[in-house]
Structures are given as C-alpha cells and as structure tokens.
1. If you roll a 1.4 Å probe over the chain with all protein chains in place, what percent of the accessible area is carbon or sulfur?
2. Run the dipole for the chain about the Cα centre, Lys and Arg Cβ at +1, Asp and Glu Cβ at -1, nothing else charged, and hand back the magnitude in debye, nearest 20.
3. Separation between the H14 and Q60 pseudo-spin-labels, each 7 Å from Cα along Cα→Cβ, expressed in nm?
4. Which FRET efficiency value, to the nearest 0.05, do you get for E45 and R21 by plugging their Cβ-Cβ distance into 1/(1 + (r/R0)^6) with R0 = 41 Å?
5. Taking the Cα centre of the chain as the origin and placing charges on Cβ (Lys, Arg +1; Asp, Glu -1), which of N17, L38, H7 is farthest toward the positive end of the dipole?
6. Tell me the per residue accessible area of the chain using a 1.4 Å probe; a whole number in Å² is fine.
7. Taking the 0 to 90 degree range and rounding to the nearest ten, how far is the long axis of helix 14-23 tilted relative to the main principal axis of the chain, both from C-alpha atoms?
8. Starting from the Kirkwood radius over alpha-carbon pairs of segment 42-82, derive D by Stokes-Einstein at 25 °C in a medium of 0.890 mPa s and give it in µm² s⁻¹.
Amino acid sequence: DGCINQHHLYWGTHLENMDDRNTHGTSNRGETNGLAKLTESDVLEIRRLRGQFRQDILAQRYGVCAVTISEIQTRSAWSWLE
C-alpha cells in the first residue's frame, strides 16, 4: 500500500513524479518490469555488438523483435542505462 500521510505528499508535474519514482526506486522500468525479456547485461551486450551482427540475428538470439534491437542500439529504449 502507498503512503497517504499528507506530510509525505506534494503536488508535482508528471515529469517531477516520474523523476521521483526513479529516485526512490519505485519505477518498473528495465528488468524490474514484469514483462521484460531482457536484463541490463543483455542490453549492454546488444549495444556492444552493434555493427558486428545484423539486428535480426540479435533479435532471434535474444527472443525480441529487430525493432527492439534497433531501439536499444540507438538508445531510444533503455536510454538511462549507460
């Protein structure tokens, strides 16, 4: 259950709320998402392999679609991960 103590709550924009959940570790992005097929180490490996293998080959290896590989390699997906 979430905290409803009024001293712990404050008004914020959507962006501020998203930043707050990332700061407090309550985000479900990346491998903490229950639907995630990849781990952080998978994503880093996919980025490292850019240009060495075709995206469809990597997609088959990791069980995702080629668009996902492209988004990871161009950092439009998993962008927070260095």
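1. 51
2. Computed charge dipole of the chain: roughly 440 debye.
3. 4.0
4. E between E45 and R21, to the nearest 0.05, is 0.90.
5. So the residue we want is L38.
6. For the chain, the per-residue accessible area is 78 Å².
7. The angle comes out at about 80 degrees.
8. The estimated diffusion coefficient comes to 250 µm²/s.
The values are calculated or read from the model by the stated rules, or taken from the named source; none is laboratory data. This structure is a prediction, so every number in the text was calculated from the model and none was measured. Note that we place each Cβ from the backbone using ideal geometry, even for glycine, and neighbour counts take in every protein chain shown. These accessible areas exclude ligands, DNA and RNA; they are computed on the full protein's heavy atoms, side chains included. Shrake-Rupley method; radii C 1.70, N 1.55, O 1.52, S 1.80 Å.
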